[in-house]
């Protein structure tokens, strides 16, 4: 069986076996998995390869693009500002970003951008892929465009732009980019090796993602004026190979281009499952963490076309779509291709799986499901 490095509490040995078999079978190329209980690691494992040629092992400090798992880090930035009294989730976005009020968007509240219900789930045309890597240009487009649906009435997954919406609010409040704020106020104090806007000194540690099979969307058969089409084509070209470029790694796309591994993701997110404090670093109060669980929407998502349930900054359990996410005080999200982060606040448990070989699907996948099931079996043993 494939060699798995790191450590694993005996209760979670099934997770090690699953990861090893997944690498042996070729389902995984290189991957990492981590579990914390009350902020302490009980699982921190990695194995496989950082490259398709299998010349470079996936090591403890290997990092990869984790796609929309990044959104949970953007959410944490907003939660920190809320906790400090600098951000009001019920205030209009335009309170902090006045230009955003254009074209009827004065009615968009901060909680709407935190829950994919803002009515602005992508960039209005014309927009090119490189435009979203230009912060000033991309946020100016968002500020000027009109709503695609009435805010707060339904979710429409903000696939690529949620981080820009939250990030510009963060910048207006703090004077810092979201990536810088995250580094200085969250990742740095916690010692979490996670980056939104990667310094060139870290490029050599990056394991490029392996693209998944084509998405099961035939744009030609879909209404060009639908929210889904406007989201997926605004901009067109956000495919996996774009993440291999230096310009992508260096830019800040806080909905999609965070770089890290399971340990760094779990380290940062375990703040939520440790009452807001880990190893003497307090970032959030318990009342702020409770904000996450205020349901903002529950129904068929206008972009993804499946039932989803959103709180403030995170997905909430939705058994009809993601049955392996347990009910309870649980918040989660996943990245394109299969990465996932689950925060079981009720049980004090954080579970993370990050990998380089992508499978089809937007949220989680079969490999994540197997690991999560094994993690919960270990917890219940």
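Does the range 39-54 contain any residue that is within 28 Å of residue 250 (Cβ to Cβ), in contact with a helix residue (DSSP H, G or I) (Cβ under 9 Å, 6 or more places away or on another chain), crowded, with 24+ Cβ neighbours inside 10 Å and modelled with pLDDT of 95 or more?
Among the residues of the range 39-54, at least one is within 28 Å of residue 250 (Cβ to Cβ), in contact with a helix residue (DSSP H, G or I) (Cβ under 9 Å, 6 or more places away or on another chain), crowded, with 24+ Cβ neighbours inside 10 Å and modelled with pLDDT of 95 or more, which makes the answer yes.
Name the single residue, out of those in the range 192-211 being assigned to a loop (DSSP other than H, G, I, E, B) and in contact with a helix residue (DSSP H, G or I) (Cβ under 7 Å, 6 or more places away or on another chain), that is nearest to residue 147 (Cα to Cα).
197
Which of the residues belonging to the range 89-126 are more than 30 Å from residue 288 (Cα to Cα), at pLDDT 95 or above and in a loop (DSSP other than H, G, I, E, B)?
Within the range 89-126, 123, 124 qualify.
I'd like the full set of residues that are surrounded by fewer than 24 Cβ atoms within 10 Å (Cβ to Cβ), touching a helix residue (DSSP H, G or I) at 6+ places or on another chain (Cβ under 8 Å) and more than 16 Å from residue 376 (Cα to Cα), limited to the range 337-363.
358, 359
Give the range 317-331 a look and list any residue that's closer than 22 Å to residue 77 by Cβ and touching a residue at least 24 places away in the same chain (Cβ under 8 Å), or say none.
Scanning the range 317-331 gives 329, 331.
The values are calculated or read from the model by the stated rules, or taken from the named source; none is laboratory data. Just so you know, these numbers come straight off a predicted model, no measurement behind them. In this analysis, Cβ positions are derived from the backbone assuming ideal geometry, glycine residues included, and neighbour counts consider all displayed protein chains.
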